[in-house]
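Chemist: Supplied in structure tokens, the structure appears directly below.
The values are calculated or read from the model by the stated rules, or taken from the named source; none is laboratory data. Note that this is a predicted model, so its numbers are computed, not measured. FYI the Cβ positions are ideal-geometry reconstructions off the backbone, even for glycines, and counts take in every protein chain you see. The protein model used for the area step is the full one, side chains on, heavy atoms only, and it has no ligands, DNA or RNA in it. Shrake-Rupley method; radii C 1.70, N 1.55, O 1.52, S 1.80 Å.
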Amino acid sequence: MQIFNSANRYGVIVQSLHWMTVLLVVLAWVLGIGGDILPKGAPRDAGLFVHLTAGSLVLVLTVIRLAWRAVDPSPPAESTLFGDWSFAGIVGLGAKLAHLGLYALLIAVPVVGIVVQFARGGSLPLFGLAEIASPWAPDRTFAHNVKEVHELLAHSLLALAGLHAAAALVHHIVFKDRTLVKMLPGAGNAS
Ligand code: HEM
Ligand code: HEM
């Protein structure tokens, strides 16, 4: 098992952070748009609790990922039909901007979500261990407006992640390079 990134693949730390983030983002999004379907009372409260907890974990994992990036640089980009993806050309710049956008949204969506919760006068559950009370008096109009922003940012995150996943699949299927394989655990993943 390889802990750190190498020139050829991501290490187990970055792979785990990446795939846990993917699962938590999808879970938070599904509960965000589908929470109202749950019956009022305990089931809906539980859905919101899981949404808040999964969303907060996304924020924690992203901060850890960004800190880890500083000590363990990512593998260089693969060469493609378009040439070297090492951020020299426009395509490489696009890939770099997409990663930057994903990181910005992985921070912004949970932070704005926390503002929604506080603006409603709700408290922020800390993984069932404790909770932080809202520092503000409830403000319905403000909470509604910030919720709209939270929703828009959340949909943007999913859309960008979809494009990003499609690009990874194009690399794998069309270019047949190691872009996707180096983010996957398993055999053909030699260092
Ligand atoms: C990546 C993480 C997250 C995603 C993808 C996400 C996504 C969403 C979506 C799609 C909605 C539905 C909005 C609507 O239909 O009006 C929503 C609602 C909400 N989110 Fe998030 N969210 C995330 C993180 C968070 C966090 C960290 C918090 C606060 C700790 C939070 C608090 C809320 C609240 C309070 C609502 C309103 C729920 C309701 O009306 O019952 N979210 N979220
Ligand atoms: C919510 C969904 C997703 C989010 C938020 C996300 C986020 C990210 C981020 C921020 C990076 C940059 C890692 C770095 O710092 O170097 C990355 C890399 C990567 N992701 Fe995702 N990702 C998502 C879903 C997926 C899916 C579904 C796939 C596969 C189909 C995928 C495949 C990859 C690959 C292959 C890389 C490495 C790219 C390279 O080295 O050029 N991601 N992802």
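Chemist: Projected onto the charge dipole of the stretch 123-191 (+1 at Lys/Arg Cβ, -1 at Asp/Glu Cβ, origin at the Cα centre), which of 159, 136, 181 gives the Cα projection farthest towards the positive end?
Modeler: With unit charges placed on the Cβ atoms, the residue in question is 181.
Chemist: So how strong a dipole does the stretch 12-183 carry about its Cα centre when Lys and Arg Cβ are +1 and Asp and Glu Cβ are -1, to the nearest 20 debye?
Modeler: 80 debye
Chemist: Pick out, from 105, 43, 19, the residue whose Cα sits farthest towards the positive end of the charge dipole of the chain, with +1 on the Cβ of Lys and Arg and -1 on the Cβ of Asp and Glu.
Modeler: Among 105, 43, 19, the one farthest towards the positive end of the dipole of the chain is 19.
Chemist: Using only the alpha carbon atoms of the stretch 91-170, find the Kirkwood hydrodynamic radius as the inverse mean reciprocal pair distance, in angstroms to one decimal.
Modeler: Kirkwood radius, the stretch 91-170: 14.2 Å.
Chemist: Let me ask something else about it. Within the stretch 3-49, report the trypsin sites (Lys or Arg not before Pro) that DSSP leaves as loop and that have at most 15 other Cβ atoms within 10 Å.
Modeler: Passing both the DSSP loop test and the Cβ count: 40.
Chemist: Once neighbouring chains are kept in place and the probe is 1.4 Å, which whole percent of the accessible area of the chain is contributed by carbon and sulfur?
Modeler: In the chain, the share of accessible area belonging to carbon and sulfur is 73 percent.
Chemist: In square angstrom, rounded to the nearest 10, how much accessible surface does residue 20 have for a 1.4 Å probe?
Modeler: Accessible area, nearest 10 Å²: 90 Å².
Chemist: For the pair residue 141 and residue 20, what calculated FRET efficiency results from E = 1/(1 + (r/R0)^6), where r is the Cβ-Cβ distance and R0 = 30 Å, to the nearest 0.05?
Modeler: 0.25
Chemist: Please list 118, 142 in order of solvent-accessible area, largest first, computed with a 1.4 Å probe with all protein chains present.
Modeler: Final ranking, largest accessible area leading: 142, 118.
Chemist: How far, in nm, would the chain grow between residue 177 and residue 50 when pulled straight, counting 0.36 nm per residue and subtracting the alpha carbon separation?
Modeler: Going from the current span to full extension adds 42.0 nm.
Chemist: Taking R0 as 45 Å, what FRET efficiency do you get between residue 2 and residue 124 from their Cβ-Cβ distance, rounded to the nearest 0.05?
Modeler: 0.80
Chemist: For the chain, what are the DSSP H helices with axial Cα length of 30 Å or more and mean Kyte-Doolittle hydropathy of at least 1.0?
Modeler: Span-like helices, by this rule, are 12-34, 42-71, 90-119.
Chemist: Sticking with this structure for a sec: Can you show me the helix-derived [θ] at 222 nm for the chain, built from DSSP H runs with n ≥ 4 at -39,500 (n - 2.57) apiece and divided by the number of residues, rounded to the nearest 500.
Modeler: Calculated from helices alone, the mean residue ellipticity at 222 nm is -21500 deg cm²/dmol.
Chemist: Could you do me a favour and compute the accessible area per residue for the stretch 132-186, 1.4 Å probe, result in Å²?
Modeler: Accessible area per residue: 65 Å².
Chemist: Give the ranking of 148, 131, 78 by solvent-accessible surface, highest area first, calculated with a 1.4 Å probe.
Modeler: These residues rank, largest area first, as 131, 148, 78.
Chemist: Provide, as a two-decimal number, the C-alpha radius of gyration of the chain over 2.2 N^0.38 Å, N being how many residues it has.
Modeler: In units of the globular-protein estimate, the chain measures up at 1.17.
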